[in-house]
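Report on the following structure.
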Amino acid sequence: MGEERAIVSPISGTTRDAIDTLVTRGDRTYRLIDTAGIRRKKSVHYGPEFFGINRAFKAIARCDVALLVIDTVDGATDQDGKLAERIIEEGKACVVVANKWDAIEKDSHTIYEYTDKLRAKLDYLSYAPLIFVSAMTGKRVPEILDCVDRAAEQHRRRVSTGILNEALEEALTWYTPPVSRGGRQGKIYYCTQVAAAPPTIVMFVNDPARFGDNYRRYIEKQFRKSLGFEGTPLRFLWRGKKEREVDRTLNRAVKV
């Protein structure tokens with residue numbers, strides 16, 4: 001902001017409400033929602049701080065891009081992991097902001113070591129960009145909004161059916177769908193995007209039950225490798241023949 005806009009304290013748990021602030025940079029205006037810090041669950045008692053944390057969770061629901069701020073001195077906590085899960089459940093774009101980077105003694109390997117530790121702890125958010133900043137010195141803080149812009153763009157992105165199916169064809173070339181114990185193989189016919197924010201892709205298959213979690217994760221990984229989608233979750237809906245037949249029946253009933 002470049003100026004003091006809120007009363008803060010170095011004492012944990014003193015912020016109660018989520019504070020909205022408008023800031024303009026270039027031709028864009030951002031609504032920044034500053035939430036209460038969320039401590040480890042065992043440190044939080046029922047009362048004002050508890051309700052402040054609930055307001056922070058609600059702030060995730062009304063944002064477009066969530067900034068998950070990690071204290072690099074303490075490292076990512078279990079509470080941070082739960083926040084990451086909430087961000088994914090809400091389908092929000094995300095940027096992981098590692099703060100207090102100025103307080104860390106560094107050599108040429110430090111940033112890689114910290115990156116590996118944070119990625120391992122927040123494996124749910126492997127798609128989210130990670131930026132190391134210092135709120136104290138201001139180092140890299142202006143770059144946060146650059147990350148926000150890119151994540152928001154990917155979150156609202158739509159990809160044509162043709163390009164999606166080219167990515168799918170390449171994925172199938174490297175790793176064919178699994179075969180069941182009865183010798184029945186899963187088949188993916190084609191895919192198409194049906195929604196954005198977050199990007200949602202329907203996979204039309206012979207039987208969704210033939211595609212386990214490992215193969216579904218592989219498909220997402222390959223789509224990200226081919227098409228990007230950095231900073232946003234991807235949702236895949238696996239639709240089988242029976243479901244498509246029900247849909248067609250309902251559509252005919254509606255027309256009648």
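If you check Ala76, Ala61 for being surrounded by 15 or more Cβ atoms within 10 Å (Cβ to Cβ), under 24 Å from Glu230 (Cβ atoms), modelled with pLDDT of 75 or more and small (Gly, Ala, Ser), only one passes: Ala76.
Residue by residue, here is whether (1) hydrophobic (A, V, I, L, M, F, W, C); (2) without any contact (Cβ under 8 Å) to a residue 12 or more places away in the chain; (3) farther than 25 Å from Ala66 by Cβ holds:
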residue: Gln154; (1), (2), (3): no, no, no
residue: Glu169; (1), (2), (3): no, yes, yes
residue: Thr173; (1), (2), (3): no, yes, yes
residue: Thr176; (1), (2), (3): no, yes, yes
residue: Gly186; (1), (2), (3): no, no, yes
residue: Asp207; (1), (2), (3): no, no, yes
residue: Arg210; (1), (2), (3): no, no, yes
residue: Arg217; (1), (2), (3): no, yes, no
residue: Leu227; (1), (2), (3): yes, no, no
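Restricting attention to region 44-53, does a residue exist that is among the small types (Gly, Ala, Ser) and at pLDDT below 90? Among the residues of region 44-53, at least one is among the small types (Gly, Ala, Ser) and at pLDDT below 90, which makes the answer yes.
Here Asp213 clears all of (1) closer than 12 Å to Ala167 by Cα; (2) surrounded by fewer than 17 Cβ atoms within 10 Å (Cβ to Cβ) except the condition numbered (1).
Among residues of region 108-120 that are in the same structural domain as Val97 (by TED's automatic domain parsing), those with a beta-carbon under 6 Å from a residue that is of a type in the set (A, V, I, L, M) at least six positions away or on a different chain give the pairs Leu118/Ala76.
Within region 190-210, how many residues turn out to be aromatic (Phe, Trp, Tyr) and crowded, with 17+ Cβ neighbours inside 10 Å?
At the first step, the residues of region 190-210 found to be aromatic (Phe, Trp, Tyr) are 190, 204.
After this cut, where a residue has to be crowded, with 17+ Cβ neighbours inside 10 Å as well, the list is 204.
Qualifying residue count for the region: 1.
The criterion of at least 3 residues that are touching a strand residue (DSSP E or B) at 6+ places or on another chain (Cβ under 8 Å), β-branched (Val, Ile, Thr) and modelled with pLDDT of 95 or more is met by the following strands (runs of 3 or more DSSP E) wholly inside region 89-195: 93-99, 188-195.
The values are calculated or read from the model by the stated rules, or taken from the named source; none is laboratory data. Since the structure is predicted, the reported quantities are computational estimates derived from the model, not experimental observations. Cβ sites come from the backbone with ideal geometry, for glycine too, and all protein chains shown count toward neighbours.
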